[in-house]
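Worksheet: one structure, shown below.
Coordinate-derived values only; no laboratory data. Quick caveat, the model's predicted, so the values are computed rather than measured. Backbone-built Cβ (ideal geometry, glycine too); neighbour counts: all protein chains shown.
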Amino acid sequence: MRLDKYISKALGISRKEAKRLILSKRVKINGKVVKDPSYKVSNEDITLDGNHVEKPKEKIYIMLNKPAGFVSSTSDVESTVLDLIDHPRVRELHPVGRLDKDATGLLILTNDGDFTHKVTSPKHHVEKEYEVIVEGEPQNALKLLHGVKVGEYFFKALSIKVSENVIHIVIDEGKYHQVKLMMETVGLSVKSLKRVRIGGLKLDVEEGHWRELSEEEVRRVMEG
Ligand code: URA
């Protein structure tokens, strides 16, 4: 990796700012000033003003508890989920699948396109669990265990738990508005929808908050 890229990723600053630090001789490699921003770095000891600069992670994974009112997109036409993430490399991230603007709960953000493909592709059968508050006869949701036709699709719940008007539904695909459409098909209207689990990863941050995932947690997403 080029030295300016290393510094910019490690410190969460722009490439231009990183170049400026390098040209002002504040960056050393193995104790020697290096003024060439294109210098190829591998495993050397890099310092800025004498302080060690940790090697930047290539891949970043974030758990966000999305509040209602934010779109799961990276374009800035309206308030997007990226506005909630105060991370130095937020510009690299995209949401793994989407949650509707009025939906809440677990959204993973990453810069790892392969991971996104695996989690969202129906081929990999990664489970998604939603907590849904409904209006109507909640027991009707049990019909979803047998599957329902919605337009050209056949949607089947892997598991349904009903407790008063709160339904926990597990599916392993994620078509547009899928849960709402499934509920509508059995006469239920969705009052609120929250994703609480993706694979083996359960939501554990407060609404509007986020945290980075460990490597072990990232593996767990695919295992659940
Ligand atoms: N199903 C929906 O209807 N909406 C979502 O946001 C996610 C799943």
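For the chain, build the charge dipole from Cβ charges (+1 Lys, Arg; -1 Asp, Glu) around the Cα centre, then report which of 37, 169, 72 sits farthest towards its positive end.
Result: 37, furthest along the dipole toward the positive end.
Give a quick list of GluC sites (Glu not before Pro) in the stretch 134-203 that DSSP marks as loop, anything other than H, G, I, E or B, with at most 14 other Cβ atoms within 10 Å.
Numbers: sites: 135, 152, 164, 173, 184; in loops: 152, 164, 173.
Sites meeting the loop and neighbour criteria: 152, 164.
For the stretch 87-95, in order, what is each residue's ³J(HN,Hα) by Karplus, 6.51 cos²θ - 1.76 cosθ + 1.60 with θ = phi - 60°, in whole Hz (x at glycine and Pro)?
10, x, 10, 4, 5, 7, 8, 9, x
Averaging sequence separations of C-alpha pairs under 8 Å and six or more residues apart, then dividing by the length of the chain, give the relative contact order as a whole percent. Mind dumping the intermediate values first?
On the way: 447 pairs, mean separation 44.1, N = 224.
Once divided by the residue count of the chain, the mean separation gives 20 percent.
Helix by helix through the chain, keep the DSSP H runs that span 30 Å or more along the axis on Cα and average at least 0.5 on Kyte-Doolittle, and give those back in order.
Working: long enough: none.
Result, helices passing both filters: zero.
Which one of 141, 199, 27 has its Cα pushed farthest toward the positive end of the charge dipole of the chain, where Lys and Arg give +1 and Asp and Glu give -1 at the Cβ?
27
Using a ≥ b ≥ c from the Cα gyration tensor of the stretch 3-52 (square roots of the eigenvalues), is it rounded, prolate or oblate, where a/c under 1.5 gives rounded and otherwise the larger of a/b and b/c decides, a/b for prolate?
Numbers: a/c = 1.37, a/b = 1.27, b/c = 1.07.
Judged from the Cα gyration tensor, the stretch 3-52 comes out rounded (a/c under 1.5).
Based solely on its DSSP helices, what 222 nm [θ] is calculated for the chain when runs of n ≥ 4 H residues each add -39,500 (n - 2.57) and the sum is averaged over all residues, nearest 500 deg cm²/dmol?
-5500 deg cm²/dmol
Round to the nearest 0.05 the FRET efficiency obtained for residue 17 and residue 133 when R0 = 30 Å and r is the Cβ-Cβ distance. If you can, show how the numbers build up before the last one.
Numbers: r = 47 Å, r/R0 = 1.55.
Step by step, r from the Cβ atoms, then E = 0.05.
Once you've got the GNM for the chain with C-alpha springs shorter than 10 Å, pick whichever of 79, 121, 38 has the biggest mean-square fluctuation.
38
Would you mind checking which residues have amide H under 5 Å from residue 73's amide H? H placed 1.01 Å from N; only 5 or more apart, or other chain.
Counting only residues 5 or more places away or on other chains, the set is 81, 82.
Please label the shape of the stretch 139-201 as rounded, prolate or oblate, based on the square roots a ≥ b ≥ c of the eigenvalues of the alpha-carbon gyration tensor (a/c under 1.5 means rounded; beyond that, a/b larger than b/c means prolate, else oblate).
Numbers: a/c = 1.43, a/b = 1.08, b/c = 1.32.
Rounded shape, in that the Cα axes give a/c under 1.5.
Which value, in debye to the nearest 20, describes the size of the charge dipole of the stretch 3-52 about its Cα centre when Lys and Arg Cβ atoms bear +1, Asp and Glu Cβ atoms bear -1, and nothing else is charged?
Details: 12 positive and 6 negative charges, 45 e Å.
Dipole size: approximately 220 debye.
What does DSSP give for the stretch 94-224 in terms of the percent of beta bridges that are antiparallel, rounded to the nearest 5? Walk me through the numbers before you get to the answer.
Details: 26 of 28 bridges.
Antiparallel: roughly 95 percent of the beta bridges in the stretch 94-224.
Considering only 159, 52, 81, whose Cα is most displaced toward the positive end of the charge dipole of the chain, charges sitting on Cβ of Lys, Arg (+1) and Asp, Glu (-1)?
Value: 52.
Please report the antiparallel percentage of DSSP beta bridges with both residues in the chain, rounded to the nearest 5.
Numbers: 43 of 46 bridges.
So the antiparallel bridges in the chain amount to around 95 percent.
With +1 on each Lys and Arg Cβ and -1 on each Asp and Glu Cβ, how big is the dipole of the stretch 127-198 about its Cα centre, in debye rounded to the nearest 20? Present the calculation step by step, with values, prior to reporting the outcome.
Values: 11 positive and 10 negative charges, 23 e Å.
With Lys and Arg at +1 and Asp and Glu at -1, about 100 debye.
Rounded to two decimals, what is the ratio between the C-alpha radius of gyration of the chain and 2.2 N^0.38 Å? Spell out each step's value before the answer.
Numbers: Rg = 22.0 Å, N = 224, 2.2 N^0.38 = 17.2 Å.
Here the Cα radius of gyration is 1.28 times the empirical estimate.
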